[in-house]
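> Pasting a structure below so you can have a look.
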Amino acid sequence: MLRGNKVGLRARHEDDIPILLAELYDDVVNASRAEGRPWRPITPGSKDPRLVVDDKEQGHVPFSVVELDGGTLVGTATLWGIDNHNRSAHIGLGLLPSARGKGYGTDVVAVLCNYGFVVRGLQRLQIETLSDNAAMLRSAERNGFVREGVLRSSAWVMGEFLDQVLLGLLAQDWKPASKAYL
């Protein structure tokens, strides 16, 4: 497990899937804001790639996020779009409603940065988020991400186009918040 100050990132367990399905993906508004595609219901027991891990897929590393104090599942974290030639990847995360507002997002981003820069040897990490996602913007900026641009009206979400903010962090600009991440 990769450890932060408040959360740990571990492999996805089969028991995680029903919780993530019910609390993240069955929430139409949340899922519509988090996905780059329209929401659709997921059949119970399906092998939906957003939930079930394909260990052969090298460009996508999904984690389950758990509280360090007690091990309770609180969300998902992903390093995706991994490009080994250009040594870059994207960061994504989703916290269960009960876990929001507790500083977990900032800790998850910090642990993913450690994983990307130290474990994977990447040069650049990138985040794309909706411009009104204040929590993700704060979490990214607290970890040193810089706003690099706005993609105007680039996301169709629940009947309207929204702007997305593009943030980036280079390995040489990253300052680990703690030594607790290994």
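> Return yes or no: is residue 79 open to solvent by less than 50 Å² (accessible area, probe 1.4 Å) and more than 19 Å from residue 34 (Cα to Cα)? First the steps, then the outcome.
On the way: open to solvent by less than 50 Å² (accessible area, probe 1.4 Å): yes; more than 19 Å from residue 34 (Cα to Cα): no.
In short, no.
> If I filter region 107-150 down to residues being of a type outside the set (Asp, Glu), in contact with a Leu (Cβ under 6 Å, 6 or more places away or on another chain) and not in a helix (DSSP H, G or I), which single residue comes out as farthest from residue 7 (Cα to Cα)?
Here the answer is 149.
> Further question: For a quick check of your reading of the model, give me the residue pairs whose first member lies in region 32-47 and is surrounded by 12 or more Cβ atoms within 10 Å (Cβ to Cβ), whose second is modelled with pLDDT of 75 or more and part of a loop (DSSP other than H, G, I, E, B), with beta-carbon atoms closer than 7 Å and at least 6 apart or on different chains.
32/39; 32/158
> Right, here's the next one. Which numbered condition in (1) surrounded by 15 or more Cβ atoms within 10 Å (Cβ to Cβ); (2) under 19 Å from the mean Cα position of the chain (by Cα) is the only one that residue 162 fails?
Condition not satisfied by residue 162: (2).
> Here is a follow-up. Only one of 109, 118 is out of contact with any His (no Cβ under 8 Å at 6 or more places or on another chain), open to solvent by 70 Å² or more (accessible area, probe 1.4 Å), hydrophobic (A, V, I, L, M, F, W, C) and at pLDDT 95 or above. Can you tell me which? Reasoning before the result, please.
Details: 109 fails: open to solvent by 70 Å² or more (accessible area, probe 1.4 Å).
Testing whether each residue is out of contact with any His (no Cβ under 8 Å at 6 or more places or on another chain), open to solvent by 70 Å² or more (accessible area, probe 1.4 Å), hydrophobic (A, V, I, L, M, F, W, C) and at pLDDT 95 or above leaves just 118.
The values are calculated or read from the model by the stated rules, or taken from the named source; none is laboratory data. Source: prediction; values computed, not measured. Here the Cβ is made from the backbone with ideal geometry for all residues, glycine too, and neighbour counts use every protein chain on show. The accessibility values were calculated without ligands, DNA or RNA, using every heavy atom of the protein model including side chains. Shrake-Rupley method; radii C 1.70, N 1.55, O 1.52, S 1.80 Å.
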